[in-house]
Structures are given as C-alpha cells and as structure tokens.
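A short write-up of the structure that comes next.
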Ligand SMILES: [Zn+2]
C-alpha cells in the first residue's frame, strides 16, 4: 500500500544542518523526531514512509526523488532553525495553502513552543518557483517544512533537548487533524520533564529506598543519552524489556562509531 505521508529527516551524514549547539546537532535531532513520528504513525495505522532512518547523506536529488516516488500525498520535512530567532516556523509551498502549517503552529504552541511565523518564499529571480527544493522538486506531494525551534536560542534549545518528544507528537496530532485521520495519544504519554529524584526516593517499584550507587549508575545512562524516558528512573529495580536493552546497545554502538569518525 502506498503511504499517505512521508516523513523527511532533514540533513544527515556529512551534512549536519545549521541548527546545532552544545546539546545536539540538527541532523540527529531531526532524525530522533522523525523516527518517533514514523513509529507513531505506524501505531495509528496511517501508512507512512521516511526518507532516512539512519545517519546517511542524502543529496537534494535523492531526497526529493524519494518523496516524489513514495506515492504519498503529504510530506513533513523536519528541521531545526538557527540564525537568531525564537519559536517554530512552518513553511508551505506557493502552490499550497497555509492550513496545514497553521495547524502545526497551533499544536506546537499547545506543546510549549511558540510560533514565530508561517510563510512561503519564492526564488528571488522567479516568483513562480518555490525557494526551497523540498517544495520545488517534490512534485504534487504537499510538503511542509517544520522548523521546531532555534538551536541558538537558549529557551528553544532547552525545550528541544528536554521535550522533543512532545513537540514531535504535536506534529503527529496536527497531521491527523489536517488529513482527517483518527488520532490517539501515545500510551503512556511523553513524560513531563522533571527534576532528577533525590538519592533515596522510594519510587523504584519495590517500595524500598534506592541506594545512591544505583542512582549514580542510572543517572549516567541518562547523561550519556542511552536512556531518555524518565519512566525507567521510577522503576530502578525492575528488569528492562528486551527492546529497551536493544536500544541502549544500539545507542552505545552509534556513539562508539561516531567517535571513530
Ligand atoms: Zn535544516
């Protein structure tokens, strides 16, 4: 079955993108958001494709060919902004309407990211052509470029680093509203960012205080980015499901292979 939607994780491989800071690179944040949405649309039984699932380089030609040839009607192209600004932006084609972009802006705002603007842009020398190739070269696919926030704005950057899942989910919801698809929130919902629990907080699922050395070990996994969901901190003495163990090993592997480059 052809997908209805294709998700584009912007940049990748040798192209890190411009939305980088000390906490993240744009290409990795785009990929995390995109993989999250890809999994969510699958959960919602919405036929979905994606331009990349790993840190590979895609030329503009290869990327737009994937979108054009996907058979999808819609494309969400995920990006992180930079250059001095605050808030999200959604950019639509001159041959489209602002409706989807407006819904995205509203949902991101409801998830805690204000909107800076939604807009279209043409080539300076040709007002009949879109400025961005993701609009210009993707044929009849309705593509919206989503800039989730500014990597060089401290508020946006912290929001993205700590709460990117909620922002990714906001766009899943926006799509369901726009394309009239059934939406169900994720279960459990993405956790609210919360402070690290104290060293003997008795919420480990066993009713006993957790010794500090256990906290140190678990906290290290979070600091290194191997664990991201706060739920694990609340159940320190419970076994991890196999998929979570696999995820930790995969993240470790990716980190090690990054260091080799
Ligand atoms: Zn970008």
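Quick note: the coordinates plus some simple rules give every number you see, no bench work behind them. Just so it is clear, the structure is predicted and the values come from calculations on it, not from any experiment. Note that we place each Cβ from the backbone using ideal geometry, even for glycine, and neighbour counts take in every protein chain shown.
Need one number: nm distance between label points at residue 179 and residue 110, each 7 Å from Cα along Cα→Cβ, rounded to one decimal. Using points 7 Å along Cα→Cβ, the separation is 1.8 nm. Axis of helix 212-223 versus longest Cα principal axis of the chain: the two differ by about 10°, to the nearest ten degrees. What percentage of all Cα-Cα pairs in the chain are separated by more than 30 Å? Percent of Cα pairs beyond 30 Å in the chain: 31. Averaging 1/r across all pairs of distinct Cα atoms in segment 212-260 and inverting the result yields a Kirkwood radius of 11.5 Å.
A crude spin-label estimate for the pair residue 99 and residue 245, with each label 7 Å from Cα along the Cβ direction, gives 4.9 nm. Per residue, the convex hull around the alpha carbon atoms of segment 60-196 comes to 126 Å³.
Relative contact order (percent) for the chain, with alpha-carbon contacts under 8 angstrom and 6 or more residues of separation? Once divided by the residue count of the chain, the mean separation gives 18 percent. The calculated 222 nm mean residue ellipticity attributable to helices in the chain amounts to -12500 deg cm²/dmol, summing -39500 (n - 2.57) over DSSP H runs of n ≥ 4 and dividing by all residues.
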